[in-house]
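Just below is one structure, and these are the notes that go with it.
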Amino acid sequence: MSLKGKLKLALVFIMIMGASFMPGFFPEFFGDWICKGGEKCRHLNCGFSTPPTLHYGFRHWIFILMGITFTIISLFEIANKENRE
């Protein structure tokens, strides 16, 4: 792999690492909520005896799917470009 390809690959992972901080800073935007525990909430895995738990909102799951999709596409583009050269 050329130096340019390695730098592109590193940039993809740096962007992923940077984006991973966003949900922590903006939990309201992502629709995340914390159930109080010990009571029934609307989440499937939450029961009566669970401790307080962070549940991901719909936008959080879309953000995760977008990140995975972007990563796969970027890796394929980098690999295809390396094979052509």
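Quick notes on this one:
- Lone unmet requirement of (1) at pLDDT 85 or above; (2) loosely packed, with under 11 Cβ neighbours inside 10 Å; (3) part of a loop (DSSP other than H, G, I, E, B) for Ile72: (3)
- Flag for Gly38 being more than 29 Å from Leu7 (Cβ to Cβ), of a type outside the set (Lys, Arg) and modelled with pLDDT under 85: yes
- Taking the criterion of being assigned to a helix (DSSP H, G or I) and not hydrophobic (A, V, I, L, M, F, W, C), the residues of the stretch 75-85 that qualify are Glu77, Asn80, Lys81, Glu82, Asn83, Arg84.
- Test result for Thr53, modelled with pLDDT of 85 or more and not acidic (Asp, Glu): no
- Tabulated pairs, the stretch 58-85, first over 11 Å from Gly5 (Cα atoms), second modelled with pLDDT under 90 and among the charged types (D, E, K, R), C-beta under 7 angstrom, 6+ apart or interchain: His60/Asp32
The values are calculated or read from the model by the stated rules, or taken from the named source; none is laboratory data. None of these values were measured; they are calculated from a predicted model. Neighbour counts are summed over all protein chains in view; Cβ atoms, including those assigned to glycine, are modelled from backbone coordinates with ideal geometry.
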